[in-house]
Amino acid sequence: MSQDSIVPGAREFHTTRWSRVLAAQGGAASTQARAALSGLCKDYWYPLYAFVRRRGHAAHDAQDLTQAFFATLLEAGTMPDDPARGKFRSYLLGALKHFLVNEWHRAQTQKRGGGQPLVEWDALDAESRYALEPLDQGDADACYDRRWALELLARAMEKLRAEFVPKHGAETFDALKSTLSGAGMPREELAAKLGLSEGALKVAVHRLRQRYREVLRAEIAETVGDAAEVDAEMRHLATVLQAS
């Protein structure tokens, strides 16, 4: 392996801010919109589900309520159409709170969206995940923020891995990944394991960290209105993780 060959991926990560939210406009009106909305549902279903559970709803009721909430987003005009509205994370939680206040019934889960579920609960094993949540995690809003943060990190790591592994292999990625959190084996041992000089390892770790931050920012940029909000969300992410 070349000592300077470990590059986390393409240097540029092109994004269109608010793109995923705007693409979901129109709900069921087009295949593209439904696909975009389904993607957003996939990313946010667990933070929202955990919020509903933390508000005191039983597991089955929480599944029905979360499913029904997503189904309402399929209706034309229910998605935000203006990036000036701010962070999609905040918009989504506010919309869910409003939805819960209206006390939608389970029958609406089947009635909306043609009876086609957006979330396959059996496959997701939602309650097993919720059972692992800390008991002292705080209120429902804090629970939602924590799960948003962890899901965001997981998506970014998945994308980083998809970029890295085809070029450098899964074993190399797994070894370097541990350095992102400051964990893992001592640098001298890691350099020897990867066949790198300590200087080359230092460069590889720096590039991986830089790329990881870029991917995180790109994930956030898809659901906020401008660059200033990306920075604000990055700070919020750090705050949430420090409190976890």
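Would you please list the contacts, defined by Cβ atoms under 9 Å and residues six or more apart or on different chains, that run from a residue in the range 89-100 that is under 13 Å from Ala140 (Cβ atoms) and touching a residue at least 60 places away in the same chain (Cβ under 8 Å) to a residue that is of a type in the set (A, V, I, L, M, F, W, C) and in a helix (DSSP H, G or I)? Correct list of pairs: empty, since none qualify. When the range 176-202 is limited to residues that are among the aliphatic types (A, V, I, L, M) and crowded, with 18+ Cβ neighbours inside 10 Å, the one that is nearest to Ala156 (Cα to Cα) turns out to be Leu176.
Go through Lys167, Lys159, Lys111 for me and flag whichever is over 22 Å from Ala221 (Cα atoms) and at pLDDT 85 or above.
Answer to the selection: Lys167.
Is one or more of the residues making up the range 116-125 among the β-branched types (Val, Ile, Thr) and modelled with pLDDT under 75? Before you say what the answer is, go through the steps one by one.
Our first condition is that a residue be among the β-branched types (Val, Ile, Thr); within the range 116-125, this holds for 119.
This time we only want the ones that are modelled with pLDDT under 75, so: 119.
Yes - at least one qualifying residue is present in the range 116-125.
Is at least one residue of the range 198-211 touching a Pro at 6+ places or on another chain (Cβ under 8 Å) and at pLDDT below 90? Before you say what the answer is, go through the steps one by one.
Restricting attention to the range 198-211, the residues satisfying the condition of being touching a Pro at 6+ places or on another chain (Cβ under 8 Å) are 207-208, 210-211.
Adding the requirement that they be at pLDDT below 90 leaves none.
The answer is no; no qualifying residue exists.
Helices (runs of 4 or more DSSP H) fully within the range 131-240 that include at least 3 residues being closer than 30 Å to Lys97 by Cα: 140-168, 198-221.
Only residues that are modelled with pLDDT under 85, aliphatic (A, V, I, L, M) and assigned to a helix (DSSP H, G or I) were counted in the range 43-86, giving 3.
The values are calculated or read from the model by the stated rules, or taken from the named source; none is laboratory data. The shown structure was predicted, so the numbers you read here are calculated from the model rather than taken from an experiment. Virtual Cβ from ideal backbone geometry, glycine too; neighbours counted across all protein chains shown.
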